[in-house]
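These notes are about the structure you will find just below.
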């Protein structure tokens, strides 16, 4: 049952990210025609994606620590992939905060600070690396459950 919960969390996290980036953002841009309006929607949605990521990482950490039959230190049991995902997830929270604070609504006008686009690139890069690592990590967690 625990493994099913982990699988669902990772499917929701990875699948949600994939669906949002691949379908929602392009359609939103087509309908709204405005990067800023789409960005405000994305700003809100990423809170849910990040919360799902934290949940998946927490549950998989518990699973690997309590059900891993290998002896060794905690890094070996959990693996580099979990640590990288956790660090990147923390980076996403930090960068999300920076991005949100660089948006200023002033008398119905929007001003983006000059650092916004470069900071946004960091967010996109970290998200992409996570997207690449998640399937590997989910498979490794499954292997722990099968052992």
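The values are calculated or read from the model by the stated rules, or taken from the named source; none is laboratory data. This one's a predicted model, so the numbers in the text were calculated from it and none came from an experiment. Neighbour counts run over all protein chains shown; Cβ positions are idealised from the backbone, glycine included.
Quick notes on this structure:
- Hits in the range 27-39 - residues which are modelled with pLDDT of 90 or more and under 17 Å from residue 124 (Cβ atoms): 28, 29
- When residue 67 is tested against (1) touching a residue at least 60 places away in the same chain (Cβ under 8 Å); (2) crowded, with 16+ Cβ neighbours inside 10 Å, just one condition goes unmet, and that condition is (2).
- Flag for residue 83 being in contact with a helix residue (DSSP H, G or I) (Cβ under 8 Å, 6 or more places away or on another chain), under 19 Å from residue 139 (Cβ atoms) and at pLDDT 90 or above: yes
- Any hit, the range 11-26, residues being exposed (fewer than 12 other Cβ atoms within 10 Å of the Cβ) and modelled with pLDDT under 85: no
- Only listed residue being under 26 Å from residue 146 (Cα atoms) and either assigned to a helix (DSSP H, G or I) or touching a residue at least 24 places away in the same chain (Cβ under 8 Å) (or both), chosen from 61, 40: 61
- On inspection, residue 78 passes the criterion of being closer than 20 Å to residue 11 by Cα, modelled with pLDDT under 80 and surrounded by 11 or more Cβ atoms within 10 Å (Cβ to Cβ).
- Filter result for residue 72 (under 29 Å from residue 8 (Cβ atoms), modelled with pLDDT under 90 and surrounded by 15 or more Cβ atoms within 10 Å (Cβ to Cβ)): no
- Scan the range 46-63 for residues that are surrounded by 15 or more Cβ atoms within 10 Å (Cβ to Cβ) and either at pLDDT 85 or above or on the phi > 0 side of the Ramachandran plot (or both) and the total you get is 12.
- So residue 5, is it loosely packed, with under 13 Cβ neighbours inside 10 Å and more than 15 Å from the chain's Cα centre (by Cα): no
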